[in-house]
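Coordinate-derived values only; no laboratory data. The structure presented is a predicted model; accordingly, all values stated were derived computationally and were not measured. Counting neighbours? That spans all protein chains shown, and the Cβs are built from the backbone with ideal geometry, glycine included.
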Amino acid sequence: MLRKAGLFGWLTVLLITLFPAITMAAGLKLEEIELPKEGTPAEEAQLSIYFDMRAGDNSTIVGIEPENCQLTIENKTFDITKENGQIREFVDGNKDVGILFIFPKAKNYSEEDYQIRQNLVMLLQRIKDRGNDKVNAIPFDSGSATLGWSNSSDQTLIKQLNEEVQNSDVTTPNVFSSFNPALAALESLNGVSYKYVVIITDSLGDYFGEGGTNAQRAVGNFVTEISKDKKVTPIIIGYTADDIADLADIGIIKRIATNTGGPYYEAHSVSEFTQIITRDVYDYIYKRYILDVTLNMDGSNYLEADNYPVQLVVKINNKEEKAGIKINWPELSKNRTTLWLVLGGILLLVIAGVIIVVIRRNNEEEPIDIVDTAPQDVCCATCGKTIPQQLYGFKGEFCLSGGLPDCPYYQMPDKGKIQITRGVLADVTFFIKKDVTTIGSNADNDIYLNDKTVSRKHAAIKTDEGKRYEIRDFGSSNGLYINDEKTERKFLRDGDRIRFGTVETVFKLK
């Protein structure tokens, strides 16, 4: 695989030898913000902030806590604490990604010597539980064709890499033949929040002739096209398991990362390549952060609906990193509690005055009936059962009879339901009637669990027309357990035991 590199090529080899792993400078990157829905109470404005923070070698900075963060919207600055914010890892969020792998399959890249496909399979095994992530690959020699998008969970790509992709007899593979199929594949990928194209190559190939003019042109066109899709991030891996001279012209390919802000990794052996694929690439895609924060935007903090700049400041190791984006802030519901308290106080004074006048007119010796002010039991008008006090004021639909025929909601269309099995709310049944049913200790949830071990927004159940029910943790304090196993997300089956904090329930289907 050796070839004459020329003066420029050997200078490149010397630089690579002295500096074997050249990477992009990194820092804080504010990617996107999930804003509160229009009409949300201003004092309960909940945001989910997706951000990335890395060292100069693209390794993820760990140890970030809510109190390390500060948020400024327009000219209003908010300090984040453990009480109003929490940090989650991106892998635990609900944003799906798509990954396209481009790698050589020519004769010189035998699987025994390079182990490219074997390492890609190991990476795919790590992400298979993400469920809705999309994966695809383009093996190239003198030409290229995509293997097609598939879900990471069904392992279709793993089977293709193990069974269908074989090394060809081509000795000088042309990575540039993959560029047009890659652009078409990335453009066709919908329904994901982030797209990545992982290019694995050395710099060899006929296309590098005549000083790399054709290669420079191809790379320039490729960078221009992928830059049009703001979701796409290239990850470039310069790889040789033979002679370092094979990477003499890798700088041309590296331009794809340099000009788009993506990372560049370099491997000179199978062991280095294994580390880059199974650790560094995985970490770059999934080891990012989500900051969930609830802000009090009431009073002087209130912001009208408009377009505002947002700045996130993260302080770590006595160093501050800053990043910002523009957002379209929604119209929030102003808190009128103070006004109602004033009006209520005036009304009480008026009523008190009327009562005093009436009492004075009555005979002072007139016996006063003693009124029992103790709370009285409230019963269901249909089945006669006592409604637990924990459900007083809850305006959602629930049943005290476990969905039996004497339940007023028994004639509903077939849907799933959650039944509490233990505690003061035992036998209370909540019905899953929406596409997304929220669960938590806030009475605004569709399933109201009035218990101090349950988070305000603990979890949610998503259903696709009643065919499947998927439950997801909202980053609760005490976790979500399915059949005594802690989980972040899972499709439910009839009879699954679900625990929110200490509240035990069971999922049922009619």
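Here are a few things to note about the model shown:
- For residue 235, distant residues with modelled amide H under 5 Å away: 197, 198, 199
- Positive minus negative residues near residue 231 (Lys, Arg vs Asp, Glu; Cβ under 13 Å): 0
- Seen from residue 498, the other residues with C-beta closer than 13 Å to its C-beta sum to a net charge of +3, counting Lys and Arg as +1 and Asp and Glu as -1.
- From most to least packed by mean Cβ count within 10 Å, the peptides 234-242, 250-258 give 234-242, 250-258.
- With R₀ fixed at 45 Å, the C-beta to C-beta distance from residue 83 to residue 129 puts the FRET efficiency at about 0.90.
- Percent of alpha-carbon pairs separated by more than 19 Å within segment 127-192: 40
- Per the Debye formula on identical point scatterers at the alpha carbon atoms of segment 234-277, with no solvent, log10 I(q)/I(0) at q = 0.16, 0.33 Å⁻¹ is -0.40, -1.11.
- Taken one residue at a time, the phi angles of segment 34-47 give Karplus couplings (6.51, -1.76, 1.60, θ = phi - 60°) of 7, 8, x, 6, 4, x, 4, x, 4, 7, 10, 6, 9, 10 Hz. Gly and Pro are set to x.
- Size descriptors for segment 24-115: radius of gyration and Dmax over Cα atoms are 19.7, 64 Å.
- Around the amide H of residue 40, modelled in the peptide plane, lie the amide H atoms of 333, all under 5 Å away and 5 or more residues distant in sequence or on another chain.
- Segment 415-431 - phi-based ³J(HN,Hα) in whole Hz, Karplus 6.51/-1.76/1.60, Gly and Pro as x: 8, x, 8, 10, 10, 6, 10, 8, x, 5, 9, 4, 6, 6, 10, 10, 9
- Cross-link pairs 334/434; 228/334; 159/415; 159/467; 29/433 - those with Cα-Cα distance over 32 Å: 228/334; 159/415; 29/433
- Note on residue 259 and residue 326: their simple-model spin labels are 2.6 nm apart, each label 7 Å out from Cα toward Cβ.
- HN-Hα J in Hz across segment 260-266 - Karplus 6.51, -1.76, 1.60, θ = phi - 60°, x for Gly and Pro: 10, x, x, x, 10, 10, 9
- Taking other residues whose beta carbon is less than 9 angstrom from the beta carbon of residue 436, and scoring Lys, Arg as +1 and Asp, Glu as -1, yields 0.
- The alpha-carbon positions of segment 413-510 define a convex hull whose volume is 86 Å³ per residue.
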